[in-house]
Amino acid sequence: MHAGILITLEGGEGAGKSTLAKKLSEFLMKEKNLFVVTSREPGGTELGKRIRSILLEKEMAFLTPRSEFLLFQADRAEHVETLILPALEQDMIVIVDRFTDSSLVYQALALGISSTDEYERVCDFATGGLVPNLTLYLDLDPEIGLARLSGPKDRIESHHLDFHKQVRAGFQELQKRHPHRIKQIDANCDPDSVFEEAKKWVLQVLA
Ligand code: TYD
């Protein structure tokens, strides 16, 4: 049992999650005097950084869908046990850039696997059943999101546009399945408007 609050940020490529994470943590720390930890998946721990480089290197094009999914779960299990849970147990607010919904979307729904029960059970095992108090899903047309990216694309960003369209459809589907936990925000606007909308949901969860 813990008294902390877990907020996860989800969305396709270039949706603005990292900018939002920064703005939210500054707001909660400076204006609300709360203790906030921000992290991301994959790569929130030392082990996670190594797993992240395997997952995102373009040379790893041969990864099979199941091994890819399980590598994300290994990253997550380590992250939950060594960083997220200890922070929640100290009553902190933990903001994580991507969590289980990304796995269900990128490794299942976007590949045409609509029955995600088996995937959810493995995610549950990785997280020990930890479910976010709030998930902010930044919804954006992938053509706009991909155009926002700078620098060379990683293995997953390099997938065909159709895959990224399926990612968007997958997140929208998950939002419909969990409307109380997942709040959809239009990310096709300026970062301040996204932040204002996100702040509204966060304050509701804190109240
Ligand atoms: P990252 O550079 O952190 O992307 P972003 O800034 O868009 O979050 O890379 C994370 C990539 O990993 C991103 O393409 C989504 C993908 N991913 C999955 O496919 N499954 C997962 O479970 C997670 C956590 C991420």
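The values are calculated or read from the model by the stated rules, or taken from the named source; none is laboratory data. Because the structure is a prediction, the values reported are computed rather than measured. Glycine also receives a Cβ, built like all others from the backbone with ideal geometry; neighbour counts cover every protein chain displayed. These accessible areas exclude ligands, DNA and RNA; they are computed on the full protein's heavy atoms, side chains included. Shrake-Rupley method; radii C 1.70, N 1.55, O 1.52, S 1.80 Å.
In the set Leu174, Leu88, Leu146, which member is within 12 Å of the ligand (Cβ to nearest atom) and of a type outside the set (S, T, N, Q)?
None of the other options fit; the residue is Leu146.
Checking Arg40 against (1) within 10 Å of the ligand (Cβ to nearest atom); (2) in contact with a helix residue (DSSP H, G or I) (Cβ under 6 Å, 6 or more places away or on another chain), which single condition isn't satisfied?
Only one criterion is unmet by Arg40, namely (2).
Residue-by-condition table, conditions (1) under 15 Å from Tyr106 (Cβ atoms); (2) not in a strand (DSSP E or B):
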site: Leu136; (1), (2): no, no
site: Leu146; (1), (2): yes, yes
site: Ala169; (1), (2): yes, yes
site: Gln175; (1), (2): no, yes
site: Lys199; (1), (2): no, yes
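Could you list, ordered by first residue, the pairs with Cβ atoms under 7 Å in which the first is in the range 149-163 and in contact (Cβ under 8 Å) with a residue 60 or more places away in the chain and open to solvent by less than 50 Å² (accessible area, probe 1.4 Å) and the second is part of a loop (DSSP other than H, G, I, E, B) and more than 10 Å from the ligand (Cβ to nearest atom), at least 6 apart or interchain?
Short answer, once both residue conditions are applied: Arg155/Glu57; Arg155/Ala61.
Among the residues of the range 103-115, are any of a type in the set (Ser, Thr, Tyr), near the ligand (Cβ under 10 Å from one of its atoms) and modelled with pLDDT of 95 or more?
yes
What is the number of the single condition among (1) over 18 Å from Lys17 (Cα atoms); (2) buried (at least 17 other Cβ atoms within 10 Å of the Cβ) that Val167 does not meet?
That leaves (1) as the condition not met.
Considering the range 112-131 alone, what residues qualify as being within 22 Å of Gln172 (Cβ to Cβ), open to solvent by 10 Å² or more (accessible area, probe 1.4 Å) and in a loop (DSSP other than H, G, I, E, B)?
Selection gives Gly112, Ile113, Ser114, Ser115, Val131.
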